[in-house]
Amino acid sequence: MRSLLFTPANSARKIERALACGADAVILDLEDSVSASAKDDARRGAREALSSPRANGPRLIVRVNGLASGEIDNDLDAIAHCAPFAIMLPKACGGVDAQHLSVKLAVREAQCGLADGSIGVIPIATESADALFGLASYRACTARLVALAWSAEDLTVSLGARANRLAGGGWTPPFMFARNMALFAAASASTPAIDAVFTNFRDLQTLRRECAEAHRDGFSGKLAIHPDQVAIINETFMPSQDEITRARAIQEAFAAAPALGVLSLDGAMIDAAHLAWAKRVLGD
């Protein structure tokens with residue numbers, strides 16, 4: 001998934017636009033973009049979107065309210081039977097929280113006649129100072145883990161920071177540290193890393209630069225808050241033709257010599273790590 005677009009689940013108009021904008025995934029939000037008085041409306045909206053027949057289109061993810069919110073069971077009861085692709089868990093503090101959500105999902109899958117593990121889990125892994133100390137625990141926490149996302153907005157409040165970005169648009173050091181640690185945590189857990197939102201949706205030039213840097217560093221995709229961001233995210237996170245050509249050459253080299261663990265290609269040594277990269281680029 002390259003682009004994952006948030007949309008409030010209590011707005012049918014915004015959901016319709018989100019579904020049509022070309023995003024790889026649409027996140028039906030029950031949390032931050034929905035007021036307390038509109039939670040039930042948002043659950044109904046999410047349920048309707050999940051239940052509507054679609055020949056194709058983006059994967060549907062639901063961001064529920066956090067485990068400590070008192071709302072999450074109502075969220076899951078409203079939408080689990082519709083089998084969304086994944087549940088996005090905000091305010092996650094580590095693998096234990098992902099496991100906790102997994103148990104809740106397993107109960108509802110059994111109640112609804114869904115196969116165990118049908119619904120994935122995507123924790124937002126950096127929304128508090130405590131959460132940074134739990135990043136290593138996502139490794140092998142649950143087979144439901146389909147990605148790991150990071151976010152800066154709640155972390156800004158947790159730290160009491162006056163700002164999270166530099167004048168040029170880049171992250172200040174504490175937030176770059178959180179970004180990088182989330183990337184390492186995702187790699188350790190063998191799951192895709194999803195980059196944080198870029199909140200100034202009118203500044204598409206800086207968005208493009210940030211996407212390019214994230215793609216360079218190993219992120220698989222990026223969260224979006226506006227449909228206008230989707231095309232740039234999709235374009236930037238596509239492998240380049242040079243990357244595709246290189247990946248195919250690596251695969252063909254190992255296919256021709258399956259008994260070897262190390263090969264020479266174009267004057268450079270390649271091994272299992274290069275093959276894993278090639279498979280990732282080609283989507284294998």
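The values are calculated or read from the model by the stated rules, or taken from the named source; none is laboratory data. This one's a predicted model, so the numbers in the text were calculated from it and none came from an experiment. Positions of Cβ are backbone-derived with ideal geometry, glycine not excepted, and every protein chain shown enters the neighbour counts.
Among the residues of the range 207-225, which ones are in a helix (DSSP H, G or I), surrounded by fewer than 18 Cβ atoms within 10 Å (Cβ to Cβ) and free of Cβ contacts under 8 Å to residues at least 40 places away in the same chain?
Those that are in a helix (DSSP H, G or I), surrounded by fewer than 18 Cβ atoms within 10 Å (Cβ to Cβ) and free of Cβ contacts under 8 Å to residues at least 40 places away in the same chain: Arg208, Ala212, Glu213, Arg216, Asp217.
Of all residues in the range 174-195 being touching a residue at least 60 places away in the same chain (Cβ under 8 Å) and not in a helix (DSSP H, G or I), which is farthest from Ala143 (Cα to Cα)?
Per the criteria, the residue is Ile194.
Out of everything in the range 153-173 that is in a loop (DSSP other than H, G, I, E, B) and touching a Lys or Arg at 6+ places or on another chain (Cβ under 8 Å), what residue ends up being farthest from Ala25 (Cα to Cα)?
By that ranking, first place goes to Thr172.
Ala231 - would you say it is small (Gly, Ala, Ser), under 30 Å from Ala20 (Cβ atoms), in a helix (DSSP H, G or I) and assigned by TED's automatic domain parsing to the domain that holds Ala140?
yes
I'm checking my understanding of the structure. Among residues of the range 265-280 that are among the aliphatic types (A, V, I, L, M) and in contact (Cβ under 8 Å) with a residue 12 or more places away in the chain, which one is surrounded by the fewest Cβ atoms within 10 Å (Cβ to Cβ)?
Leu265
Please count how many residues of the range 2-37 are outside any helix (DSSP H, G or I) and either free of Cβ contacts under 8 Å to residues at least 24 places away in the same chain or on the phi < 0 side of the Ramachandran plot (or both).
Here the count works out to 24.
Can you tell me which residue is surrounded by the most Cβ atoms within 10 Å (Cβ to Cβ) among those in the range 96-143 that are touching a Gly at 6+ places or on another chain (Cβ under 6 Å) and part of a helix (DSSP H, G or I)?
Tyr138
Could you list, ordered by first residue, the pairs with Cβ atoms under 8 Å in which the first is in the range 79-93 and under 16 Å from Ala9 (Cβ atoms) and the second is assigned to a loop (DSSP other than H, G, I, E, B) and modelled with pLDDT under 95, at least 6 apart or interchain?
Pro90/Asp32
Here is a yes/no grid of residues against (1) in the same structural domain as Ser33 (by TED's automatic domain parsing); (2) within 14 Å of the chain's Cα centre (by Cα); (3) touching a residue at least 40 places away in the same chain (Cβ under 8 Å):
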site: Gly95; (1), (2), (3): yes, no, yes
site: Ile122; (1), (2), (3): yes, yes, yes
site: Phe133; (1), (2), (3): yes, no, no
site: Thr156; (1), (2), (3): yes, no, no
